[in-house]
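Shown next, in structure tokens, is the structure this report addresses.
Every read-out reported here was derived from the displayed coordinates using simple, explicitly stated rules and does not represent laboratory data. Note that this is a predicted model, so its numbers are computed, not measured. Every residue, glycine as well, gets a Cβ built from its backbone with ideal geometry; the counts of neighbours run over all protein chains shown.
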Amino acid sequence: MSHGMTIFSDQIKSNIETSENQNDKGVKQLVDNGIETVPKKYILPPSERPDINNSEHPNVAKQNLQLPIIDFSDLFGPNRPQVIQSLANACEQFGFFQVVNHGISEDVMNKMMDVSGRFFDLPIEERGKYMTSDMRAAVRYGTSFSQTKDKVLCWRDFLKLICHPLPHYLPHWPDSPLDFRKVAATYAEETKHLFIRLMESILESLGIVEDNQEVKDNILKELEDGSQLMAVNFYPPCPQPDLTLGMPPHSDYGFLTLLLQDDVEGLQIQFQEQWFTVQPINNAFVVNIGDHLEIFSNGKYKSVLHRVVVNSSKRRRSIASLHSISFNGTVRPSPKLIDEANPKRYADTDFETFLAYISTKETKRKSFLESRKLITILHD
Ligand code: OGA
Ligand code: NI
């Protein structure tokens, strides 16, 4: 019996080793083929490893951080001023918060999580139809963070969908599983709506739209017509989770990201130089500030570094919905947040510049945002 097993796994191992582009098909394929160790291409240098098994490591917090929780339904009741204040604090101090009672039904969320899992259960031939290096493609299946540029690959497969305008993109989305388009379209529309409602409150929290309905309407209109990209992420169990990451430290490019995670932990955010796990809350959205909102707020609200750790026993799924203005638009600091005490801190930024930047560099950490800064703020 044990002899038979050995031959079996040796056979698989040699199949994997002889297939030349084994990394191209992603990590789920490696795991489905019974890989028992992490291939070299995925092993991070020691200083970049997650250190999940080393509680003495100074960069991984021993205690959990209680991230701010915003009760969305409270935003539209008598406590609105206080909730707006909590929202402002969350955006300034953490750049991250969780939203509960947001009005998107459990049914819509569960179905999206479920159909995403079923998509990744499809044979690799079916998923692989959507592999492309064209970053403007309506649908893009891939692996790692940036498959072509990452020096070390990470333990994630993804399906990215461009969502706006939906009638244009929907016919390009996967038609297998059969209910995929319908479920994902409903989910995309509802998260977009929630994004707009959240931005309305965030604009108020920045104090730039008081008594000025027109300014507010114009900004919201630009976001309403803006871009939406959904990333369906799949992190298979990893035989040696302390050697690699599901996603390296990065910030998101847009205004806000609305993330739905399943009940397996893995997302960590950086706060005061330490990494904290974001505890999954059933039916909540994890919301984080992206680079474009940092620019728009002239640095008042910060986009935050986050990463994903993997584990050896459970697969993890998440759906990230990234929202910004249109791919043709320009993001600039709001004139209302610029004065003598607060000079303009960021250069105007368009997507062309961003795409040109990420296609030439490894986009780790917040390097793109750094490149847009006009003033280096000196500490001491
Ligand atoms: C992302 C991201 C986190 C997660 O897709 O940009 O940070 O938990 N995802 O999957
Ligand atoms: Ni992210």
Using label points projected 7 Å from each Cα along Cα→Cβ, tell me how many nm separate residue 283 and residue 89, to one decimal.
2.6 nm
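Calculate, for residue 24 and residue 225, the FRET efficiency according to 1/(1 + (r/R0)^6) with r their C-beta to C-beta distance and R0 45 Å; round to the nearest 0.05.
0.80
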Charge dipole (the chain, unit charges on Cβ, about Cα centre) - positive-most of 305, 165, 27
27
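Neighbour counts of other C-beta atoms within 10 Å: give me 230, 113 arranged from fewest to most. It would help to have the intermediate numbers written out before the result.
Working: 230 23, 113 20.
Final ranking by Cβ density, sparse to dense: 113, 230.
Kindly rank 147-157, 257-267 from highest to lowest mean number of other beta carbons found within 10 Å of each residue. Kindly include the intermediate steps, with their values, before the conclusion.
Numbers: 147-157: 18.8, 257-267: 21.3.
So the peptides 147-157, 257-267, ranked by packing, come out 257-267, 147-157.
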Calculated FRET value between residue 330 and residue 36, using beta carbons and R₀ = 35 Å, to 0.05:
0.10
Along the charge dipole of segment 9-326, Cβ charges K/R +1 and D/E -1, which of 96, 232, 276 sits furthest on the positive end?
232
Direction-averaged shadow area of the convex hull around the Cα atoms of the chain, nm²?
21.0 nm²
Given springs between every Cα pair under 10 Å in a Gaussian network model of the chain, which of 96, 76, 145 has the largest fluctuation?
76
Please report, in debye to the nearest 20, how large the charge dipole of the chain is about its Cα centre when each Lys and Arg carries +1 at its beta carbon and each Asp and Glu carries -1 there.
740 debye
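So for segment 9-326, averaging the separation of alpha carbon pairs under 8 Å that are six or more residues apart and normalising by length, what relative contact order in percent results? Numbers along the way, then the final one.
On the way: 599 pairs, mean separation 76.2, N = 318.
After rounding, I find 24 percent.
What does the charge count around residue 43 come to, taking other residues whose C-beta lies under 15 Å from its C-beta (Lys +1, Arg +1, Asp -1, Glu -1)?
On the way: positive: 40, 41, 49, 151; negative: 36, 48, 51, 150, 242.
So the surrounding residues net to -1.
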Nearest 10 degrees is fine. How inclined is helix 213-224 to the longest principal axis of the chain, computing both from alpha carbons?
20 degrees
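Between residue 166 and residue 139, what is 0.36 nm times their sequence separation minus the Cα-Cα distance? Round to one decimal in nm. Provide the component values of the computation, followed by the final result.
On the way: separation 27, 0.36 × 27 = 9.72 nm, distance 1.25 nm.
Result: 8.5 nm gained on full extension.
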Any idea what angle helix 80-93 forms with the longest principal axis of the chain, computed on alpha-carbon atoms, 0 to 90 degrees, nearest 10?
60 degrees
Would you tally the net charge around residue 310, using a Cβ to Cβ cut-off of less than 11 Å, leaving residue 310 out, and scoring K and R as +1, D and E as -1?
+3
Cβ under 13 Å from residue 134's Cβ, residue 134 left aside: what net charge do those residues give with Lys, Arg +1 and Asp, Glu -1?
+3
Have a look at the DSSP beta bridges in the chain and tell me what percent are antiparallel, nearest 5.
90 percent
Counted neighbours (other Cβ, 10 Å), sorted fewest up, put 30, 256, 374 in the order 374, 30, 256
For the pair residue 76/residue 353, report the inter-label distance in nm, with labels modelled 7 Å from Cα in the Cβ direction.
3.7 nm
